[in-house]
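Working notes, structure below.
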Amino acid sequence: MTRSLRSAWFVAPLMALALMGQGCFGGGTQTATGPDGGIFRTKDGGENWLQLKILNTGSKQASIQNVGIASMAADPQDPKALYAGTVENGIIYSLDGGDSWQPATGLTTGRINAIAVHPKDKCVVYAARANQIMKTDNCSRDWMQIYFDPRTDKQFTTIVVDWFNPNAIYAGTSDGDIVKSENGGSAWRVIHRVDGIRINQLAMDPRDSRIIFGATDRNGLVKTTDGGQSWTQIRQELDAFEGARRANIVVIDPSVANRIYTVSRYGILQSDDLGSTWTGLKLPTPPGTVDMKAFAVNPRNARMLVYATDKAVIWSEDGGNTWTPKKLPTSRGAAALIYDTAASNPALFLGALPPKN
């Protein structure tokens, strides 16, 4: 290689749903009724969405229709293995492409801000929960805390695993720290700090794992090309686009070298030279007028882009030149968008926000 939940969980919110006439659990293909939360799947570019409902809790089945989703991740080795971090009930995961889900025993409480799956060992998964980093090495049967910050008001917000050297793990925090472990999570150190500004997301280049971008709340992007030994700030390069320093999302295109996207209050920016220069994508709405909740690039078709707001899912099939808004499958708004890793026609999954108060 070159380097370039047991049944007691969810009983109150979910078992009640199962007893309220959710219909027969025939693989999750029935028309959605009841609460419109949880997770949705489309295989035809958003023309049709299927609400994924089944939760297997030991010997019983419940529903995830009322669950709020905070984060999602796909197993890089197995397109049918998916993970969802909930707002308050830990992790649920699917081994059948989303048709059914089960709780991650040992991690059934708390908000899961981020999930990362080991690129070479599908039984090793990392999760960011509050001020803790959690790990399982036995396919979610047990979870252990491998790192925590004693400041309870601090949260780990994002986590990535080095696909070239899986012993290297990076995580970002709500007060601007980027930390790294070089031994699978046994020991950690701070490798960069962004003046107390939240690290919203880390993204690793799929061609060179030493290249990592971080999206910050008010300071644009940070970038390393040497695995975190040194960092540069991408801030002035974004100043031509009002609000672009408020970077919520950063995505490195999986199939086009040197192309990255950042989603901010301005909208969506694209760079084809790893962040040196930027172009604003022309969207259906004026810059700065829409709060974008999630963004994804089809891993098999770089021209297919999709983003979500609290009102719609907006698609482009020509690399962002034109866009088509389509109805959001939930009234709650989107929290996450993620493609699975299927070789030919990846499915897109949407995680819904918690119920609106």
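The values are calculated or read from the model by the stated rules, or taken from the named source; none is laboratory data. Quantities reported herein were computed from a predicted structural model and do not represent experimental measurements. Every residue, glycine among them, receives a Cβ derived from its backbone with ideal geometry; neighbour counts consider all protein chains shown.
Here F156, F164 are screened, and the one residue that is of a type outside the set (K, R) and either in contact with a strand residue (DSSP E or B) (Cβ under 7 Å, 6 or more places away or on another chain) or under 23 Å from L95 (Cβ atoms) (or both) is F156. Quick check on this structure: which one of R246, R207, R193, R259 is among the charged types (D, E, K, R), over 30 Å from R303 (Cβ atoms) and modelled with pLDDT of 95 or more? Step by step, each of R246, R207, R193, R259 is checked, and only R193 is among the charged types (D, E, K, R), over 30 Å from R303 (Cβ atoms) and modelled with pLDDT of 95 or more.
Quickly run through the range 343-357 and pick out the residues that are of a type outside the set (A, V, I, L, M, F, W, C) and not in a loop (DSSP other than H, G, I, E, B).
Initially, the range 343-357 is screened for residues of a type outside the set (A, V, I, L, M, F, W, C), giving 344-346, 351, 354-357.
Hit for the range 343-357 is G351, nothing else.
Flag set for I159, criterion: in a strand (DSSP E or B), under 24 Å from T225 (Cα atoms), within 18 Å of the chain's Cα centre (by Cα) and of a type in the set (A, V, I, L, M).
State whether one or more residues within the range 132-147 are under 30 Å from A257 (Cβ atoms) and either assigned to a strand (DSSP E or B) or at pLDDT below 95 (or both). Outline the logic, then answer.
The initial filter retains those residues of the range 132-147 that are under 30 Å from A257 (Cβ atoms), namely none.
Within the range 132-147 (the criterion being under 30 Å from A257 (Cβ atoms) and either assigned to a strand (DSSP E or B) or at pLDDT below 95 (or both)), the answer is no, since none of the residues qualifies.
Among the candidates D253, D239, D272, the residue that is charged (D, E, K, R) and either loosely packed, with under 15 Cβ neighbours inside 10 Å or modelled with pLDDT under 95 (or both) is uniquely D239. Number of residues in the range 166-202 that are in contact with an Asp or Glu (Cβ under 8 Å, 6 or more places away or on another chain) and over 21 Å from T262 (Cα atoms) equals 5.
The single condition from (1) out of contact with any Phe, Trp or Tyr (no Cβ under 6 Å at 6 or more places or on another chain); (2) assigned to a loop (DSSP other than H, G, I, E, B); (3) more than 30 Å from R210 (Cβ to Cβ) that P329 fails is (1).
Right, R332: buried (at least 18 other Cβ atoms within 10 Å of the Cβ), under 24 Å from I115 (Cα atoms), at pLDDT below 95 and in contact with a Lys or Arg (Cβ under 9 Å, 6 or more places away or on another chain) or not? Considered against the rule, which asks whether it is buried (at least 18 other Cβ atoms within 10 Å of the Cβ), under 24 Å from I115 (Cα atoms), at pLDDT below 95 and in contact with a Lys or Arg (Cβ under 9 Å, 6 or more places away or on another chain), R332 comes out as yes.
Answer yes or no: is there a residue in the range 105-123 that is part of a loop (DSSP other than H, G, I, E, B), within 21 Å of V222 (Cβ to Cβ), modelled with pLDDT of 95 or more and of a type in the set (D, E). The answer is no, given that none of the residues of the range 105-123 is part of a loop (DSSP other than H, G, I, E, B), within 21 Å of V222 (Cβ to Cβ), modelled with pLDDT of 95 or more and of a type in the set (D, E).
Scanning the range 191-250 for residues that are closer than 23 Å to I112 by Cα and of a type in the set (D, E) yields a single hit, D217.
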